[in-house]
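What follows is a set of notes on a single structure, which appears directly below.
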Amino acid sequence: MSLPEFLKDLFESWPLLGSIPLWLYSLACILGLLFLFLFPFAGIAVYLERKIAGDIQARIGPNVVGPYGILQWIADALKLLLKEDIIPAAADKKLFILSPMLIFLGGAAAYAVIPFAENVILANLNIGIFYLIAVTSMVALGLILGGWASNNKWSLLGGMRAAAQIVSFEIPVALCILTAVLVTGTLDMTQIIKNQSPYSWNIFHNPFMFIAACVYYIAALAEANRTPFDIPEADSELVSGYNTEYSGMRFAIFFLIEYAECFVICAVATTLFLGGWYLPFIDISGLALGLRIPIEAMVFMTKAVCLLFVMMWIRWTLPRYRVDQLMKLCWEVLVPFSFACLLGTAFWMALFKGKGIPELIYSLLGWGS
Amino acid sequence: MYTQFATILIFLIIGVCMVPLILLVGKLLRPHNPDPKKLTTYECGEESVGSSWVQFNLRFYVIAILFLIFDVEVILMFPVGVTFRQWMTSQAGKGLLVFAEVALFIGILLIGFAYAWVKGDFEWIKTIRPQKKS
Amino acid sequence: MMFAVDLRHYLVLSAILFVLGIIGILSRKNSVGILMGIELVMNSAGINFVAFSKYVAADLSGQIFALFIFVIAASEVVIALAIILRIYQNKTTVDIEDIKDLKC
Amino acid sequence: MTAQDVFFYIFALITLVPAFVCVFHPNILYAGLSLFGSFFGVAGIYVLLGADFIAATQVLIYVGGILVLILFAVMLSKNIYGAKFQDEKKKKILPGLLGLILLGFLVKFILTTPWNMTLTDEAPLPTVSRLGDLLLTDYLLPFELASILLLAALIGAIILARSK
């Protein structure tokens, strides 16, 4: 059940809140998700990134604004808000304004299907993960327009390279998600998690799934333009790629969406491969609903934030790929691997009738759980 | 199903009008004094040379072709992937038959992938040959 | 009742889209624009198939056809744009007026 | 006038107005962009018809794939001597007239023929698993032929597009 329906049933008996129509609940949930989760979390992710970068490079990182620099991201946001926002005279004004909209839509709309806990998912679509792939493929369009509209040779090349990179890394991402769908058998995000259990996560289902998880993580890293794959923003060559001409709040949107997409990648990885809100071997389905949902949300968030930490860790340790190495990596390493995982998982399921390694071990040991 | 998609529609509407809202808030708060010097396109400080709608060769396009063909293949595979588990767990006899169908579908397209690989279409051409001036 | 949406409304909508596509194909000079017209025609066919699959035949055969329309549309666009860009490389123009002589 | 009818008219507008702009706008890049809006309208129509998987496929293939290809083609085929995409000086009266006549015939046929439609108003069921079963059983041959078609399109396009 999706969050708006869950809240409506919860507040059915209340005098005032009982009569509110369902779409008003979803409106409230959407605004809550955007303003209470997406923007603050993106800001905190920026702060985390700079702290981790500082730690890796043996320096302190932001610690001036607020205790340990926690309010640094608010200061950044306000600064960007007050910065002058120029549109270059030679730029194509309409496209210049349209491009951040497309990119924001592509990045933010994926949050509608992220399952934080049992009933806490904004839209319980039957085609959850497929909708997510469809929506994130819109970002490539926004990048092309952004690069083209700013009428700047480097941002044009940066935009084209970013679009080519996102477009070509979408194939391994889609194939690895398809491999996970083969194992779980549904596209509905909450159902994907329910098909797993605290004792058998998808990543251990069969060896090919483990490889598929790694390939997914790497390819999704590249799709979000994160180092070591952030060729478009390669400061040495392309100044700052497609968002050279953007300044002020418009640039903040590009910046914010990059971190929003990073969290989407980690959330999808936890949902598909790491068993969503299930603790490793502790079954908490017996607790009361009111207690279980916060715990599940915390478990889901800890897994996602750990993956986010790994992403940031990678960013400040690995050097950047060249463009031809990047394309060669995608088409000559990741795509063959994901095809192999797809066929391997299909063969494994045909052989063992859909049972994974955990189930086989349990049936051997006679637990039969 | 309609309620879920209604939520998605509301989300998209809010998403679309969120960016102008933020920019509007920004527009109210920030200074606005455009001067021609500031509005020139940024080229590391030098004067920008020539129009930027520069021409580039076709390797971006080859990438887009490969993406679209394999995207369509993945899309055809998604419904099959969803019911794959049912076929495997329930009808015992047909397990390998369904796997053969899926393997044939993917195998045919892997031929195209191998062709593109052997013909070296994945290499990102390092030297850009001068455009043939007509 | 005029407003209760049924099969005819969807068919009228896809007819209008189809005609817009035809006008686009006939009136465009730029060959990439002609391709956009073809995309509109393909979309209108898709709407017809899915509308029939809901209102007339209860099974999903209409949606399967819509799925195969995507396959055909994708491969058609890929080939057509490859031809257009190949012509552009030789004659540096995409206007159909200049691509009339048989030898590029 | 249930909610679905209202949404039908909204999505019909979202489909037709950008399609109209795409056909009649002189600048080819803006025409390509208005296709983006019309593809979203068509995706909304698919949702109203209960085809959720087809709607997501429409967004993924048309917006994420074909439109990217068209925009790449438009940018790659920008003629060098700096003409700013203004290319439409052709008159649009004749095609417009022809289109209107065709539209008149089509609408007449649609409104007169008795369609034996079954008006069911229960909420549409999810379609993905039924599509998968159909693809694997009744429509297996088209499923395999589709991959051959894609193979042919892939190899043909690569040979053509390979910049020698």
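Multiplying the sequence separation of A:Ser13 and A:Gln191 by 0.36 nm and subtracting their Cα-Cα distance, what value in nm do you get?
Working it through step by step, the gained length comes to 61.2 nm.
Rounded to the nearest 500, what is the 222 nm mean residue ellipticity of chain A from helices alone, with -39500 (n - 2.57) per DSSP H run of 4+ residues and division by all residues? It would help to have the intermediate numbers written out before the result.
On the way: 16 runs with 230 residues, N = 369.
So the helix-based figure for chain A works out to -20000 deg cm²/dmol.
Given chain A reduced to its alpha-carbon atoms as identical point scatterers, what log10 I(q)/I(0) does the Debye formula return at q = 0.06, 0.07, 0.08, 0.10 Å⁻¹?
Treating every Cα as an identical point scatterer, log10 I(q)/I(0) equals -0.25, -0.34, -0.44, -0.69.
With label points built 7 Å along Cα→Cβ from the Cα atoms of A:Phe281 and A:Tyr362, find their separation and express it in nm.
Distance between label points: 1.3 nm.
Fewest to most neighbouring Cβ within 10 Å: what's the order for D:Val17, B:Val98?
On the way: D:Val17 14, B:Val98 22.
The order, fewest Cβ neighbours first, is D:Val17, B:Val98.
Suppose every K and R has +1 on its Cβ and every D and E has -1 on its Cβ; what is the size of the dipole of the protein assembly as shown about the Cα centre, in Debye to the nearest 20?
Details: 51 positive and 51 negative charges, 383 e Å.
It comes to approximately 1840 debye.
If one computes the Cα centroid of the range A:30-92 and of the range A:176-212, what distance in Å separates the two points?
With the range A:30-92 and the range A:176-212 each reduced to a Cα centre, they are spaced 34 Å.
Please find the FRET efficiency linking B:Val25 to A:Val64, where r is the Cβ-Cβ separation and R0 is fixed at 25 Å, and quote it to the nearest 0.05. Walk me through the numbers on the way to the answer.
Details: r = 25 Å, r/R0 = 1.02.
So the FRET efficiency works out to roughly 0.50.
If one takes the longest principal axis of the Cα atoms in chain A, at what angle in degrees, from 0 to 90 and to the nearest 10, does the Cα axis of helix A:93-108 lie?
20 degrees
In nm, to one decimal, how far is the D:Thr118 label point from the C:Ile99 one, both placed 7 Å along Cα→Cβ?
Inter-label distance under the simple model: 4.7 nm.
At A:Leu78 and A:Phe347, where each label point lies 7 Å from the Cα along Cα→Cβ, what is the point-to-point distance in nanometres?
6.1 nm
Can you tell me the length gained on complete extension of the stretch D:Glu144 to D:Leu111, counting 0.36 nm per residue apart and subtracting the Cα distance?
Numbers: separation 33, 0.36 × 33 = 11.88 nm, distance 3.80 nm.
Difference between extended and current length: 8.1 nm.
Measure out, as a whole number of angstrom, how far apart the alpha-carbon centroids of the range D:101-141 and the range A:276-349 sit.
39 Å
Divide the volume of the convex hull of the Cα atoms of the protein assembly as shown by its number of residues and quote the answer in cubic angstrom per residue. It would help to have the intermediate numbers written out before the result.
Numbers: hull volume 143.0 nm³, N = 771.
Residue-normalised Cα hull volume stands at 185 Å³.
May I ask you to derive the FRET efficiency for D:Leu94 and B:Ile13 from their Cβ-Cβ distance with R0 = 56 Å, giving the value to the nearest 0.05? Don't skip to the answer; put the middle values down first.
Working: r = 39 Å, r/R0 = 0.71.
About 0.90, to the nearest 0.05.
Can you give me the pair-distance distribution of chain D, C-alpha pairs, 5 Å bins, whole percents?
Taking all Cα pairs of chain D, the binned fractions are 2, 7, 9, 12, 15, 16, 16, 12, 7, 4, 1, 0 percent.
Students often get this wrong: which residues of the range C:5-29 have the backbone nitrogen under 16 Å from the point 7 angstrom along Cα-to-C-beta of D:Gln4?
Correct set: C:5-11.
By the scheme Lys and Arg +1, Asp and Glu -1, what is the net charge of all other residues having a beta-carbon under 11 Å from that of A:Asn126? Don't skip to the answer; put the middle values down first.
Working: positive: none; negative: A:Asp188, D:Asp52.
Neighbour charge sum, excluding A:Asn126 itself: -2.
Translational diffusion coefficient, Stokes-Einstein: compute it for the range B:57-123 using the Kirkwood radius over C-alpha pairs as Rh, at 10 °C and 1.306 mPa s, and state it as an integer in µm² s⁻¹.
Numbers: Rh = 13.7 Å.
The calculation lands on 115 µm²/s.
Can you list the chymotrypsin sites (Phe, Trp or Tyr not before Pro) in the range A:277-369 that are in a DSSP coil and have 15 or fewer other beta carbons within 10 angstrom? If you can, show how the numbers build up before the last one.
Numbers: sites: A:Trp277, A:Tyr278, A:Phe281, A:Phe300, A:Phe309, A:Trp313, A:Trp316, A:Tyr321, A:Trp331, A:Phe337, A:Phe339, A:Phe347, A:Trp348, A:Phe352, A:Tyr362, A:Trp367; in loops: A:Trp277, A:Tyr278, A:Phe281, A:Trp316, A:Tyr321, A:Trp367.
Here the chymotrypsin sites (Phe, Trp or Tyr not before Pro) that fit, given the DSSP loop and packing criteria, are A:Phe281, A:Trp316, A:Trp367.
With a Förster radius of 41 Å, plug the Cβ-Cβ distance of C:Asn90 and C:Asp59 into 1/(1 + (r/R0)^6) and report the FRET value to the nearest 0.05.
Working: r = 49 Å, r/R0 = 1.19.
The computed FRET efficiency comes out at 0.25.
Here, each number is a calculation from the coordinates, and none is a lab measurement. Everything quoted here is computed from the prediction, not taken from an experiment. Cβ: placed from backbone, ideal geometry, glycine included. Neighbour counts: every protein chain shown.
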